[in-house]
Amino acid sequence: MNQKKFLVVALMVIALAATRSALSQNSVSAKKDATKGSIANEASQPSPDDFIELLRKDVRSQKKQIIAENMDLSDAEAEKFWPIYDRYAAELSRIYDTKLALLNDYAENYTSMTGEQAENYIRKRADVEESIMQLRLKYMPAFRKVLSGRETALFYQLDWRLGLAIDVELAQVPLINP
């Protein structure tokens, strides 16, 4: 990936971090407002779920833009590729919804998890990661029908790198104490 594209990915990761920080600050201020009984102030503030939804849309858009900039598809290839990509991205988004819900549950409960609950969390995380890989394998023949082998490989390399950048941000949850 050339420096320009790397910069875009780095900015995306920074935007994720900034949004995550804003979510944390919003959560703290919302708790303070609730303690003070400031219902009007709370109602005017976007909820953390609103921020997460905006972030998800922005990340999906940026991911698609980065892939477009790096794939250098002809018009004919693009016409066939993007509908397949959109279906793939929609399915991937549903898996990431599960991953986010699992991470949110963990973040809320990691200090009080029993050993059995912690093990269950690990199994569910493994299931999510396996689902992502199965989805990639499921779509490989579809991408291969519209792209060359090298273009398909490039798409998956980009997808993996972008997925890793997102995972780095998602991994910022605290570690469990033994």
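Rounded if a/c is under 1.5, else prolate if a/b beats b/c, else oblate: with a ≥ b ≥ c from the C-alpha gyration tensor eigenvalues square-rooted, which is region 63-178? Please list the in-between numbers first.
Working: a/c = 3.21, a/b = 2.59, b/c = 1.24.
Because a/c hits 1.5 or more and a/b exceeds b/c, region 63-178 counts as prolate.
Listed highest first by mean packing, meaning other Cβ atoms within 10 Å per residue, what order do 67-76, 83-92 come in?
Numbers: 67-76: 13.3, 83-92: 15.5.
Listed from highest to lowest mean packing, they are 83-92, 67-76.
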- Message: Explain nothing, just compute: Karplus ³J(HN,Hα) = 6.51 cos²θ - 1.76 cosθ + 1.60, θ = phi - 60°, for every residue of region 116-131 in order, whole Hz, x for Gly and Pro.
- Response: 5, 5, 5, 5, 4, 4, 4, 4, 5, 4, 5, 4, 5, 4, 5, 4
- With label points set 7 Å from each Cα along the Cα-to-Cβ direction at LEU170 and TYR156, the distance between them in nm comes to 2.0 nm
- Message: Please compute one quarter of the surface area of the Cα convex hull for region 134-178 and express it in square nanometres.
- Response: 4.2 nm²
- Evaluated at q = 0.14, 0.18, 0.30 Å⁻¹: base-10 log I(q)/I(0), Debye formula over Cα of region 110-149: -0.49, -0.60, -0.90
- Task: Determine which residues of region 141-160 fall in the zone a paramagnetic label at ALA76 would reach in this model, i.e. backbone nitrogen under 15 Å from the point 7 Å along Cα→Cβ.
- Result: 145-148
- Task: Could you check the simple spin-label distance between SER61 and LYS124, using points 7 Å along Cα→Cβ, in nm with one decimal?
- Result: 3.1 nm
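Laboratory data are not the source of any read-out in this text; all were calculated from the coordinates shown. Note that this is a predicted model, so its numbers are computed, not measured. Cβ: placed from backbone, ideal geometry, glycine included. Neighbour counts: every protein chain shown.
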